[in-house]
């Protein structure tokens, strides 16, 4: 079984949901929930609930939040030995204001801790990567670390999957050499930022995907929310329909669940199309949850919900 190494963000998520439209410049009544979050952490937790050989490398402060976050991951069987606990730094926090339908209204992220992560302190853990490893990284990390991961995976011929995280952070990838990257999974807005074009249709998604192939990426999966996803690679340029939901509770974490399902599928020797069906199942179940990682999802659920051929 492949070992999956997840590198990147770990946060404390504060999610606020309004029962009515927000009014700017005044107080708005909301309900709130606090959970563990962060792209790489969410993905590692999902994977830790479905499989084994999962590793998380993140950075937290030497504070109560950071210690509880790492302890929670370890309780799920996720290896956190490569993670950094930084003195004089606070664990990252993410604040999301959700509309009544569960869609994101605005998000604010205090990720200052990641500006303090140094390359020489982060790389020793990479000696544990073997030829049977699958590497995932998000763009919360400094660009120097992202670049080093890309170069090492290219040199060692390890499959690398990247999530651009946001439009702003996708810019970190713009100047980097992406030759040999196995997979990039942006949403439409992030795909536009990566390719300097407007991506507002399936046709343009495919065009953006082809631009990323030209940069050396082997596979591009662009998530379209309710409209499904698009796969673009040397052999395929195809749109897949999503499942229609009427009971969305919270969109936060759905994109992370989608790529977690893809990584799980790849670990299980599924092809990319099959892996995306698993990702879609994970995202669908997460949309119904108030947590960034839905509780109680099993590998069996993923294989059955979308009629996955895996």
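The values are calculated or read from the model by the stated rules, or taken from the named source; none is laboratory data. The structure displayed is predicted, hence computed values, not measured ones. Glycine also receives a Cβ, built like all others from the backbone with ideal geometry; neighbour counts cover every protein chain displayed.
Does residue 170 fit the bill of being over 16 Å from residue 146 (Cα atoms) and buried (at least 21 other Cβ atoms within 10 Å of the Cβ)? No.
Residue-by-condition table, conditions (1) within 24 Å of residue 2 (Cβ to Cβ); (2) touching a helix residue (DSSP H, G or I) at 6+ places or on another chain (Cβ under 6 Å); (3) part of a helix (DSSP H, G or I); (4) touching a residue at least 12 places away in the same chain (Cβ under 8 Å):
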| position | (1), (2), (3), (4) |
| --- | --- |
| 16 | no, no, no, yes |
| 22 | no, no, no, yes |
| 25 | no, no, no, no |
| 32 | no, no, no, yes |
| 35 | no, no, no, yes |
| 48 | yes, no, yes, yes |
| 66 | no, no, yes, yes |
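Looking at 132, 115, 140, just one residue is exposed (fewer than 13 other Cβ atoms within 10 Å of the Cβ) and touching a residue at least 40 places away in the same chain (Cβ under 8 Å), and that residue is 132.
Assessment of region 179-196 against the conditions (over 19 Å from the mean Cα position of the chain (by Cα) and either under 28 Å from residue 110 (Cα atoms) or free of Cβ contacts under 8 Å to residues at least 24 places away in the same chain (or both)) yields at least one matching residue.
For region 171-192, the set of residues classified as part of a helix (DSSP H, G or I) and closer than 16 Å to residue 230 by Cβ consists of 188, 189, 190, 191, 192, listed by residue number.
Is there a residue in region 79-96 that is part of a helix (DSSP H, G or I) and either under 22 Å from residue 286 (Cβ atoms) or out of contact with any helix residue (DSSP H, G or I) (no Cβ under 8 Å at 6 or more places or on another chain) (or both)? Checked region 79-96: no residue is part of a helix (DSSP H, G or I) and either under 22 Å from residue 286 (Cβ atoms) or out of contact with any helix residue (DSSP H, G or I) (no Cβ under 8 Å at 6 or more places or on another chain) (or both). Per the conditions (1) closer than 27 Å to residue 286 by Cα; (2) in contact with a helix residue (DSSP H, G or I) (Cβ under 7 Å, 6 or more places away or on another chain), the sole criterion not satisfied by residue 183 is (2).
The criterion of being modelled with pLDDT of 85 or more, in contact with a helix residue (DSSP H, G or I) (Cβ under 8 Å, 6 or more places away or on another chain) and over 17 Å from residue 49 (Cα atoms) holds for residue 239. Residues in region 27-80 that are crowded, with 22+ Cβ neighbours inside 10 Å and at positive phi: 38 only.
In region 97-124, the residue that is farthest from the chain's Cα centre (by Cα) out of those that are more than 18 Å from residue 42 (Cα to Cα) and part of a loop (DSSP other than H, G, I, E, B) is 100. Residues that are at pLDDT 95 or above and surrounded by fewer than 18 Cβ atoms within 10 Å (Cβ to Cβ) do not occur anywhere in region 98-106.
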